[in-house]
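What follows is a set of notes on a single structure, which appears directly below.
The values are calculated or read from the model by the stated rules, or taken from the named source; none is laboratory data. Model, not experiment: these values are computed from the prediction. So basically every Cβ, Gly included, is an ideal-geometry build from the backbone, and we count neighbours across all protein chains shown.
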Amino acid sequence: MPGALPDGEPVPSDGSLPFEPRPSSLGVYVHVPFCASRCGYCDFNTYTATELGGGASRDAYADTVLSEIRFAGRIMAAPVETVFVGGGTPTLLSPADLGRILEGIDRTWGLAAGAEITTEANPESVTASSLRELRAVGFNRISLGMQSASPGVLAILERGHTAGRAPRAAAEAREAGFEHVNLDLIYGTPGETAEDFATSLDAVIAAGVDHVSAYSLIVEDGTRIAARMRRGELAYPSDDVAADRYLAAEQALGAAGFEWYEVSNWATSEDARCRHNRLYWTGGDWWGFGPGAHSHVGGVRWWNVKHPSAYAKRLAEGVSPGLAREILNDEDRRVEDVMLRLRLREGLPLTAADPLGAEKALANGLLEAAEFERGRAVLTLQGRLLADAVVRDLLP
């Protein structure tokens with residue numbers, strides 16, 4: 001999970017945790033840090049070939065991850081219910097290498113029957129043939145980074161695929177036998193018109209996928225798009241435009257049979273919802289592999305060294321790649337519960353919220369009255385637009 005690293009205590013060289021964890025089940029995240037090129041808005045822990053430097057090899061990466069998986073297997077055991085391979089561009093690795101990583105997870109912990117096994121992919125990084133190979137090695141869900149159907153918007157975002165490639169890749173994934181297919185959209189890009197976004201929504205719906213994620217463009221310091229905005233070449237995103245785009249997404253996707261289950265995610269059925277991401281939103285247990293990957297088991301959170309070379313070097317020396325960790329106390333967990341569970345369709349118990357703040361949010365039309373009577377804080381449509389503000393209300 002990319003993001004700023006909080007302060008924390010060092011992880012022991014053997015990777016041991018401060019207590020013996022006994023989760024009933026586990027999610028696994030595998031970070032693949034490679035990209036063919038860097039998109040202008042991206043600040044994830046990813047690297048192009050020219051940025052990698054020495055000591056990191058895409059060809060050797062599967063073996064490096066497998067060595068970390070074996071390392072983790074000495075520390076704890078639990079059946080794996082979900083696997084999510086993200087990045088970067090995971091499909092820059094061959095289907096055979098990705099399959100070997102899945103086999104290593106299965107050997108180490110065991111993949112539960114019916115496990116959800118997802119890979120992210122850029123549309124231009126897969127073909128009908130490679131999708132069939134990915135399905136054959138065990139992947140049953142794929143998330144494709146479409147972002148937009150507008151060539152102009154894709155150019156501003158510096159995406160590498162043509163406007164029609166993502167829907168075609170989604171169709172190829174369905175034909176290859178993937179049970180669930182997601183398309184990602186980004187809205188609020190400078191220069192994007194309402195018509196551009198409507199075209200993107202139409203394309204997603206026509207593609208026949210069963211899951212859609214739609215995110216407002218976040219401008220991160222250090223990215224090329226942020227530099228262009230500072231120079232005045234591009235306008236900064238507008239909150240009002242982002243709200244209009246979100247309402248358009250809700251209307252179009254709802255009319256097409258999608259239901260929101262998390263503020264930025266819609267699915268056509270409960271089965272189509274991403275089970276792995278739910279672990280993040282509900283404080284579940286997952287182990288993250290790869291440079292910069294974050295993990296959370298039993299209230300302990302830790303994260304790996306970020307650069308692929310440092311990551312590979314530690315594992316080659318038989319040392320844990322963990323950089324630091326923190327133990328969440330009850331208040332930490334409560335705050336995170338409010339921040340994350342409130343984003344879900346089922347919301348959170350009012351007992352976790354500040355009573356005065358909850359009453360204020362209800363009076364402002366940001367929480368559903370019927371759910372409030374049942375003892376739950378559930379966002380209205382207006383509340384979804386102002387979710388961060390509602391969180392501040394609910395935290396005393």
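Numbers below:
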| quantity | calculated |
| --- | --- |
| Any chance GLY99 is touching a strand residue (DSSP E or B) at 6+ places or on another chain (Cβ under 9 Å) and either surrounded by fewer than 22 Cβ atoms within 10 Å (Cβ to Cβ) or of a type in the set (S, T, N, Q) (or both) | no |
| Of the criteria (1) surrounded by fewer than 18 Cβ atoms within 10 Å (Cβ to Cβ); (2) in a helix (DSSP H, G or I), which one GLY383 fails | (1) |
| Matching residues in segment 66-109 - criterion: being closer than 26 Å to PHE19 by Cβ and β-branched (Val, Ile, Thr) | ILE69, ILE75, VAL80, THR82, VAL83, ILE105, THR108 |
| 1 or more residues more than 23 Å from the chain's Cα centre (by Cα) and under 22 Å from ALA316 (Cα atoms): qualifying helices (runs of 4 or more DSSP H) within segment 42-161 | 49-52, 61-73, 95-108 |
| Flag if SER264 is buried (at least 17 other Cβ atoms within 10 Å of the Cβ), closer than 17 Å to LEU381 by Cβ, out of contact with any helix residue (DSSP H, G or I) (no Cβ under 8 Å at 6 or more places or on another chain) and of a type in the set (S, T, N, Q) | yes |
| Residue within segment 92-106 that is β-branched (Val, Ile, Thr) and farther than 28 Å from ASP14 by Cβ present | no |
| Wholly within segment 222-315, helices (runs of 4 or more DSSP H) carrying at least 2 residues that are under 30 Å from VAL209 (Cα atoms) | 239-255, 275-281 |
| Matching entry among GLU346, GLU317 (being of a type outside the set (Gly, Ala, Ser), farther than 30 Å from ASN182 by Cα and over 19 Å from the mean Cα position of the chain (by Cα)) | GLU317 |
| Exclusive hit being modelled with pLDDT under 90 and assigned by TED's automatic domain parsing to the domain that holds GLY222, set ARG70, ARG22 | ARG22 |
| Pairs with Cβ under 7 Å, 6+ apart, first in segment 210-237 and β-branched (Val, Ile, Thr), second part of a strand (DSSP E or B) | VAL212/ASN182; VAL212/LEU183; VAL212/LEU185; VAL212/TRP266 |
| Cβ-Cβ under 8 Å pairs, at least 6 apart or on other chains, segment 317-333 side not assigned by TED's automatic domain parsing to the domain that holds ALA353, far side of a type in the set (Asp, Glu) and assigned to a strand (DSSP E or B) | ALA324/GLU9; ARG325/GLU9; GLU326/GLU9 |
| Cβ-Cβ under 7 Å pairs, at least 6 apart or on other chains, segment 178-194 side more than 14 Å from VAL219 (Cβ to Cβ) and free of Cβ contacts under 8 Å to residues at least 60 places away in the same chain, far side part of a strand (DSSP E or B) and among the β-branched types (Val, Ile, Thr) | PHE178/ILE142; VAL181/ILE142; LEU183/VAL212 |
| Top-ranked residue in segment 73-89 [being surrounded by 21 or more Cβ atoms within 10 Å (Cβ to Cβ) and either modelled with pLDDT of 95 or more or of a type in the set (Lys, Arg) (or both); ranked as nearest to LYS306 (Cα to Cα)] | GLY86 |
